[in-house]
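A short worksheet on the structure shown next.
All of the numbers you see were taken from the coordinates with simple rules; none came from a lab. Small disclaimer: the values here were computed from a predicted structure and weren't measured. As a convention, Cβ positions derive from the backbone with ideal geometry for all residues, glycine included, and neighbour counts pool all protein chains shown.
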Amino acid sequence: MENIAVIISEYGFPIVATVGLLYILYYIWNFITKNIKAKLADANVTLIALIDRVRMLDNDLIRLQQKLDTVIELRELKDEETKENEERDSD
């Protein structure tokens with residue numbers, strides 16, 4: 001504690017406070033570049049994988065919807081043919 005008082009009396013409070021803030025800034029920058037950027041890179045890889053899975057699911061849903069539309073259309077055509085055949089048979 002006496003060391004800090006000697007440093008403040010020798011250089012002045014603004015200089016010592018500026019050096020302290022610069023050290024805090026360096027510590028935060030160092031922490032961000034070493035720890036957070038690595039975790040962000042991992043999260044980015046995970047996000048890309050999830051986006052790919054969502055696209056695959058969307059494509060699967062589109063294919064299933066097309067198949068369902070085809071089945072419904074064929075069923076309607078078959079029902080129309082059945083009605084036409086029943087009308088012919090009844091006449």
Between 0 and 90 degrees, rounded to the nearest ten: what's the tilt of helix 2-11 against the longest Cα principal axis of the chain? 80 degrees
Residue 28 versus residue 77: modelled label distance in nm, points set 7 Å from Cα along the beta carbon direction: 6.9 nm
Evaluate the charge dipole of the range 2-90 about its Cα centre and quote only its size in Debye, nearest 20, assuming +1 on the Cβ of each Lys and Arg and -1 on the Cβ of each Asp and Glu. 940 debye
How far, in nm, would the chain grow between residue 88 and residue 56 when pulled straight, counting 0.36 nm per residue and subtracting the alpha carbon separation? 6.7 nm
Among 61, 30, 41, whose Cα lies farthest out toward the positive end of the dipole of the range 2-90, if unit charges sit on the beta carbon of Lys, Arg (+1) and Asp, Glu (-1)? 30
Using a/c under 1.5 as the rounded threshold, could you call the chain rounded, prolate or oblate? The axes a ≥ b ≥ c are square roots of the C-alpha gyration tensor eigenvalues, and prolate needs a/b larger than b/c, oblate otherwise. prolate
Under a crude label model (7 Å from the Cα following the beta-carbon direction), how far is residue 49 from residue 2 in nanometres? 5.9 nm
Taking the 0 to 90 degree range and rounding to the nearest ten, how far is the long axis of helix 37-90 tilted relative to the main principal axis of the chain, both from C-alpha atoms? 10 degrees
Packing-based exposure ordering (other Cβ within 10 Å, fewest first) of 89, 60: 89, 60
Take the Cβ-Cβ distance between residue 16 and residue 36 as r, set R0 to 22 Å, and report the resulting FRET efficiency rounded to the nearest 0.05. 0.15
Once the Cα atoms of helix 13-31 and of the chain are each reduced to a long axis, what angle between those two axes, in degrees from 0 to 90 to the nearest 10, is obtained? 30 degrees
